[in-house]
1. Of the DSSP beta bridges with both residues in chain B, give the percent that are antiparallel, rounding to the nearest 5.
2. Can you compute 3J(HN,Hα) from phi for each residue in segment A:247-261, using the Karplus curve 6.51 cos²θ - 1.76 cosθ + 1.60 with θ = phi - 60°, rounded to whole Hz and x for Gly and Pro?
3. Using DSSP to define loop residues, name the GluC sites (Glu not before Pro) in segment A:25-96 whose beta-carbon has at most 15 other beta-carbon atoms within 10 Å.
4. What is the minimum Cβ-to-axis distance for chain A, in whole Å, where the axis maps A onto B, and to which residue does it belong?
5. Holding the Cα-Cα limit at 27 Å, pick out from A:Lys143/A:Lys285; B:Lys43/B:Lys285; A:Lys65/A:Lys295; A:Lys232/A:Lys295 the pairs that are longer than that.
6. Treating only the Cβ atoms of Lys and Arg (+1) and Asp and Glu (-1) as charged, compute the dipole magnitude of segment A:155-300 about its Cα centre; round to the nearest 20 debye.
7. Only bridges with both residues in segment A:16-140 count here: give the DSSP antiparallel percent, nearest 5.
8. Given the rule -39500 (n - 2.57) for each run of at least 4 DSSP H residues, summed and divided by the residues of chain B, what is its mean residue ellipticity at 222 nm, to the nearest 500 deg cm²/dmol?
There are 2 protein chains.
Amino acid sequence: MNEFELIRRLTRSLPGNASVVVGPGDDCAVLDVGLPDRLLLFKTDAVVEGVHFAPEAAPEKIGHKALARCLSDIAAMAGTPSAALVTLALPGAFDPARVEAIYSGMNELARRYGVAIVGGETTTNPGGILISVALLGFVQRGKGILRSGAEPGDAIFVSGELGGSLAGKHLEFEPRLAEAQWLAQHFAVHAMIDVSDGLAGDLRHILASSRVGAELNAPSIPISREARRAAKAGAAAKPALLAALTDGEDFELLFTLASRDAVPLLDSWRKAFPKVPLTCIGKIKEGEGVTIRDKQGVRPLNADGYVHFS
Amino acid sequence: MNEFELIRRLTRSLPGNASVVVGPGDDCAVLDVGLPDRLLLFKTDAVVEGVHFAPEAAPEKIGHKALARCLSDIAAMAGTPSAALVTLALPGAFDPARVEAIYSGMNELARRYGVAIVGGETTTNPGGILISVALLGFVQRGKGILRSGAEPGDAIFVSGELGGSLAGKHLEFEPRLAEAQWLAQHFAVHAMIDVSDGLAGDLRHILASSRVGAELNAPSIPISREARRAAKAGAAAKPALLAALTDGEDFELLFTLASRDAVPLLDSWRKAFPKVPLTCIGKIKEGEGVTIRDKQGVRPLNADGYVHFS
């Protein structure tokens, strides 16, 4: 049984209550706590030594990443982050200076977005460092963006460039909070997610939630310099397009809106965020699954996100 | 550097914002999110295999404990729990049936208190199972109870019986939510905490936050049957009183109120909760530190919570 099957079984029978607007299965849980103008967003995310960061990673960057991942999920709902609790699970022998440096990276990012760190705990974890961040945020009623609103005919957009994140970006990325809030204010975005599992995988999350399919245009997909460099480095590396589709940890915004909004969006975005690329990479279709179009024609992306290259 | 010193260093420079009513250092963080009648409570707590439960513990009880510890912290502020996120960090080789049983224990407890489980995540943790629960709750404005309100002359009360929790109670305890909410509605409780580190340690948290001292009356301290049994079992075991003072994981309510309220409280409590003992165990004094009175006189409790028995 893989992670997704286990989660499906576990989430079948979870207890709910009247405050739940969106439960498991989107970037954040959404709760109606009785505020007239806003809904509450609630998210946790954990990073584990040896899984999400190498033991030799700079501790400030580990702290940055632990909080930035949660902020990216708030961004994916077009929300504003508010307060965080930090659980720091440490092996018996830990270096206090290293722990303080982890907090220093986290605090700096929190200050930049007005996020209060209101406590948490330290506990023992024999296997290595684990940092779990619980984050609260808010979204204006009517302005939140779920994964489930994509419609046939929508244009699919992605911010930034994809692939090769492990070369460094995964520890340093800036969550796309400003861009997401701007999008929600200025355009009728139908569905949004942050790219954490990889473009192919996260697009599938939107498609499954929205019960639609998609066609990607291969030449349009924005491939990062790192993914191109790694592809050139040798036969063992992935082709650059495959890296952009499947590497994951890009933490870019992937979203859809009506195709008539595509050109106005590109114009306005360029003025608002001149340093951040925004690319239309395909369209939403009736049906299910993902196809990809290139010079050779249209082929399916297979189930685990990998393209069959001929 | 021990855990408390590390926390002191880490919490010195945490970022805040205008929503923070109570940050690190109480049972829960307290946030003012703009609700006219209520404040938000925010708490995380983690349990780790080999630290908070034995690998052979029944999985339903592990799930129960993971959530019950957080609920106990909401109780300590006289709050009402609302929604939880669950982070389940698992070693590479895990048994799905065991994971489902952990959830089953958690879900049953959540349903009993109307708590929605709105998501979370599973991740890899090489060292063993770690479960972190993030919990939201609410408290009526003006009805929340902090650690910092104890006053000289207050009577000190504790619910239940103390010591020997590791014999089984630590996996099965019922959080004292009903009792705490009743207390906040009917009496002017000055300070409250749940007993997780042990009576002596948690009383010190109240005293430090309130800048007062305390005198305990040794014969009054309610000692559990398990602590008495363990003490009788042999010379290696702790004396029963020492177990009640220091064992921890009792998850009872420890609180103070004006001494004039002590007798009315005992009368009303007996009617409201006939099966739950409530005991006056001492009084708050000017100054600092804890002394304990018994037939031989008054002696200090030393810094690590242990009594010097002559």
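1. Working: 48 of 61 bridges.
Counting only bridges with both partners in chain B, antiparallel ones make up about 80 percent.
2. In residue order, the calculated couplings are 4, x, 6, 7, 6, 8, 8, 10, 8, 10, 8, 4, 4, 5, 8 Hz.
3. Within segment A:25-96, the qualifying GluC sites (Glu not before Pro) (loop, at most 15 other Cβ atoms within 10 Å) are A:Glu56.
4. Axis-proximal residue of A, distance in whole Å: A:Gly127, 1.
5. Working: A:Lys143/A:Lys285 24 Å; B:Lys43/B:Lys285 30 Å; A:Lys65/A:Lys295 38 Å; A:Lys232/A:Lys295 21 Å.
Table pairs above 27 Å Cα-Cα are B:Lys43/B:Lys285; A:Lys65/A:Lys295.
6. Details: 18 positive and 18 negative charges, 109 e Å.
Result for segment A:155-300 is approximately 520 debye, rounded to the nearest 20.
7. Details: 25 of 33 bridges.
So the antiparallel bridges in segment A:16-140 amount to around 75 percent.
8. Details: 9 runs with 97 residues, N = 310.
It comes out at -9500 deg cm²/dmol, rounded to the nearest 500.
Rule-based calculations on the coordinates, nothing more; no lab input. All figures in this text were calculated on a predicted structure; none of them were measured in a lab. Don't worry about glycine lacking a Cβ; one is built from the backbone with ideal geometry, like all the others, and counts go over all protein chains shown.
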